[in-house]
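The values are calculated or read from the model by the stated rules, or taken from the named source; none is laboratory data. None of these values were measured; they are calculated from a predicted model. FYI the Cβ positions are ideal-geometry reconstructions off the backbone, even for glycines, and counts take in every protein chain you see. For accessibility, only protein heavy atoms count, side chains too; no ligands or nucleic acids. Shrake-Rupley method; radii C 1.70, N 1.55, O 1.52, S 1.80 Å.
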Amino acid sequence: MRFKRVLVTGSSRGIGRAIAQRLAKTGWSVAIHYSAGKDEVARTEEMLGSACAGVYHADLSVPSNAKKLFEAALADGPIQAIVNNAGVYMPLDFLKSGDAAFSANFHKTFAINFESPLALIRASTKHFEANGGGKVLNVASRVGFRGEGGAALYASSKAALINLTRSLAVELAPKNIQLFGIAPGWVDTAMARDGMADRFAQIKESIPLGRMASSQDCAATAAFLLSEDAAYLSGVVIDINGASYFH
């Protein structure tokens, strides 16, 4: 019997889709979200079958849409967990970019990677508090810990998400609300492949385990954190990087 419902943002492809599939296999009913790509989200819905608990569209580059997204999903049934997976990565030359390009990159990056997750957390945790507790999983990134040239704004947005996770884990623990994060390094997704064709050998060489993570590697860790096996954990952000970085 499926008795737990989770909302996964950005679940039409990549890591989000893999998380949705893994959670469905472990007993969750999964509400899926997309901002673009109706064909892709339809495929995710088909993959989930009876475990799909709704399909919701929202443009999370507008943070006010995050609360509306949660309210729309909640109108169709109780929610016990959320996964903030939707994100955007836009490389930026910090010194050479023009002011307009810098500003556009900053606002879009922080809107999708931090402000919308923050709004979704505020909306969901109020619901969780009134219903005995809940779980929040945030998909961060290795660069939120270590930084990366050409990605200062992206790294900053993920660092903010990591520290939000930690701070709220402390604040909301008495209300039986747990917060977790995963911090993937290089993951073999379509979005990553678009920007690494000329660096694949170099990237692979930098990873002691000899390969990039798969979306399924990320999903397995996410499913563990949202399971009862992680009942005593909160505030942890788990690295998924093949031993390529420690902190």
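Solvent-accessible surface of the stretch 142-247, averaged per residue with a 1.4 angstrom probe and all protein chains in place: 51 square angstrom. Near the amide H of PHE180, within less than 5 Å, lie the amide hydrogens of VAL136, LEU137, ASN138, GLY235, all on another chain or at least 5 residues away, with H placed in the peptide plane. The heavy atoms of PHE145 offer some 50 square angstrom of accessible surface to a 1.4 angstrom probe. Divide by every residue of the chain the summed helix terms, -39500 (n - 2.57) for each DSSP H run of at least 4, and state the resulting mean residue ellipticity at 222 nm, rounded to the nearest 500 deg cm²/dmol. Value at 222 nm, helices only, nearest 500: -13000 deg cm²/dmol.
Note on the stretch 118-247: Lys pairs 8 or more places apart or on different chains, Cα atoms under 24 Å apart, count 6. Each residue of the stretch 68-85 was assigned a 3J(HN,Hα) from its phi angle through the Karplus expression (A = 6.51, B = -1.76, C = 1.60, θ = phi - 60°), giving 5, 4, 5, 5, 5, 5, 5, 4, 9, x, x, 10, 9, 7, 10, 10, 8, 9 Hz with x at Gly and Pro. Close amide H pairs (under 5 Å, H built 1.01 Å from N) link ASP239 with ALA183, residues at least 5 positions away or on another chain. To the nearest 0.05, what FRET efficiency results for VAL170 and LYS67 with a Förster distance of 25 Å applied to their C-beta separation? The formula returns an efficiency of 0.60 here. Within the straight-line cut-off of under 18 Å between alpha carbons, the aspartates and glutamates reachable from LYS38 are GLU46, ASP59, sequence neighbours fewer than 8 places apart in one chain being disregarded.
Shown in residue order for the stretch 205-221 are the 3J(HN,Hα) couplings computed by the Karplus curve 6.51 cos²θ - 1.76 cosθ + 1.60 at θ = phi - 60°: 5, 7, 10, x, 6, x, 7, 6, 5, 9, 4, 5, 4, 5, 5, 4, 5 Hz (x for Gly and Pro). State the percentage of accessible surface on the chain attributable to carbon and sulfur atoms; use a 1.4 Å probe and exclude ligands, DNA and RNA. Carbon and sulfur together cover 54 percent of it.
Our estimate of slack between PHE102 and VAL236, defined as 0.36 nm per intervening residue step minus the Cα-Cα distance, is 45.1 nm. Computed over the stretch 1-126, the range of Cα coordinates on each principal axis works out to 55, 30, 21 Å, biggest value leading. Distance between the 7 Å Cα→Cβ label points at ILE203 and PHE94: 2.3 nm.
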